[in-house]
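Notes follow once the structure below has been shown.
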Amino acid sequence: MKEIDVFLKTVVEGMKAMAQGIEALAEKLDTIAKFRVDEKVKAKPARKARSKPKKSVAKKAAPRKPLTAAETVLKIISRSKKGISPATISEKTGFAPKKVHNIVYRLKQQGKIRSVGRGLYLKV
């Protein structure tokens, strides 16, 4: 029985030593990992050599900016040949009548549209 106790104590001590060695390795790996992360942050990415673009490659179209409310109203007015009323503009755009009235007033002040009759507007 005494031999088994001695053997088990030896095994336990060996396992403790292995655990300490594993912890030391883990700490070293952590420092190496941190060092590499720091290097990646500090290092600038390598520049790629630019190749000449192929002539057959089509250029991408620039993304369109959404039209402003005034541009939308002016576009609708410019499509009309006999003139258009603010109520019709409001129906086509979905804008509130007060908003359309203010936009029409501003466009008229800027000289972009003119009144051709009571409540009818045309592009200048």
task = Return the total of residues in the stretch 81-98 being closer than 16 Å to ALA70 by Cβ and surrounded by 16 or more Cβ atoms within 10 Å (Cβ to Cβ).
result = 6
ask   = Within the stretch 101-114, how many residues are more than 16 Å from ILE76 (Cβ to Cβ) and either small (Gly, Ala, Ser) or in contact (Cβ under 8 Å) with a residue 12 or more places away in the chain (or both)?
value = 1
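Residues checked against (1) over 31 Å from the mean Cα position of the chain (by Cα); (2) part of a loop (DSSP other than H, G, I, E, B); (3) outside the structural domain of ARG118 (by TED's automatic domain parsing); (4) not basic (Lys, Arg):
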residue: LYS60; (1), (2), (3), (4): no, yes, yes, no
residue: ILE77; (1), (2), (3), (4): yes, no, no, yes
residue: LYS81; (1), (2), (3), (4): yes, yes, no, no
residue: ILE89; (1), (2), (3), (4): yes, no, no, yes
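The values are calculated or read from the model by the stated rules, or taken from the named source; none is laboratory data. Because the structure is predicted, anything quoted here is derived from the model rather than measured. Note: ideal-geometry Cβ built from the backbone for every residue, glycine included; neighbour counts use all protein chains shown.
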